[in-house]
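Asks: Structure incoming, see below.
What follows draws every value from the coordinates through simple rules; no lab data is involved. Quick caveat, the model's predicted, so the values are computed rather than measured. When we count neighbours, we look across all protein chains shown, and the Cβ atoms used for this are built from the backbone with ideal geometry, even at glycine.
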Amino acid sequence: MIFNKTLEYALQTVIFLSNNPISSPISSPISQKKIAGSLNIPYHYLGKIFQQLNNTGITGSKTGPLGGFYLVKSPKQITLSGILDVFVGEKYFESCVLGQNTCDKSPCPIHYDGVPARVILRNIFNNYTVYDWSNKFHSST
């Protein structure tokens, strides 16, 4: 995929939490160990991802033996772009596909092919929620 591992793991994690209705501060949050094992994400790496998700109000956490993580908002209220913005910034879809700083002034070899793809991806991330993707994931498995 064109996203970095951190964003991929963050998307997987938030979708995982959305698929677990027991994940709430009132019932029982899901432990970092269980999430890391289920998604095959390195435990400490996941901890750093949760720090950012918690700091931006996407997830929350509860400490103690029954502690863990949960979604703060409904999956219907969390856009994919909201997660993307946390990890790669809102300007992600404006940058050059090849990472060149001067692509707009001096287009890279795939600039004109890349622009439509970026527009499509931006629309997907702005218009879909975690709930939408979670349902799509379940309907494809």
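Asks: Using θ = phi - 60° and the Karplus relation 6.51 cos²θ - 1.76 cosθ + 1.60, list the HN-Hα couplings for region 72-77 in order, rounded to whole Hz, with x at every Gly or Pro.
Replies: Each residue of region 72-77 in turn: 7, 10, 5, x, 6, 9 Hz.
Asks: While we're on this one: In percent, what relative contact order does the chain have, based on Cα pairs under 8 Å that are 6 or more apart in sequence? Provide the component values of the computation, followed by the final result.
Replies: Working: 154 pairs, mean separation 37.1, N = 141.
Taking the mean separation of contacting Cα pairs over the length of the chain, I get 26 percent.
Asks: Treating cross-link reach as a plain straight distance, find the lysines whose alpha-carbon is under 29 Å from the alpha-carbon of K91, omitting any fewer than eight places away in the same chain.
Replies: K5, K48, K73, K76, K105, K136
Asks: Along each of its three principal axes, how wide is the spread of alpha-carbon positions in the chain, in whole angstrom units, largest first?
Replies: Extents along the principal axes: 56, 30, 25 Å.
Asks: Sticking with this structure for a sec: Please report, in debye to the nearest 20, how large the charge dipole of region 5-131 is about its Cα centre when each Lys and Arg carries +1 at its beta carbon and each Asp and Glu carries -1 there. Please list the in-between numbers first.
Replies: Working: 11 positive and 6 negative charges, 79 e Å.
Dipole of region 5-131, to the nearest 20 debye: 380 debye.
Asks: Check V72: other-chain or 5+ apart residues with amide H under 5 Å from its amide H, H built from backbone geometry?
Replies: Hits under the 5 Å cutoff: T59, G60.
Asks: Kindly express, to the nearest 10 degrees and within the range 0 to 90, the angle between helix 130-140's C-alpha long axis and the longest C-alpha principal axis of the chain.
Replies: 90 degrees
Asks: Please list 3J(HN,Hα) in residue order for region 54-60, calculated via the Karplus relation 6.51 cos²θ - 1.76 cosθ + 1.60 where θ = phi - 60°; whole Hz, with x for glycine and proline.
Replies: Karplus values, whole Hz, x for Gly and Pro: 5, 5, 9, x, 7, 10, x.
Asks: When ranked by the protection proxy of mean other Cβ atoms within 10 Å per residue, highest first, what sequence do the peptides 44-53, 31-40 form?
Replies: The densest-packed peptide leads the list: 44-53, 31-40.
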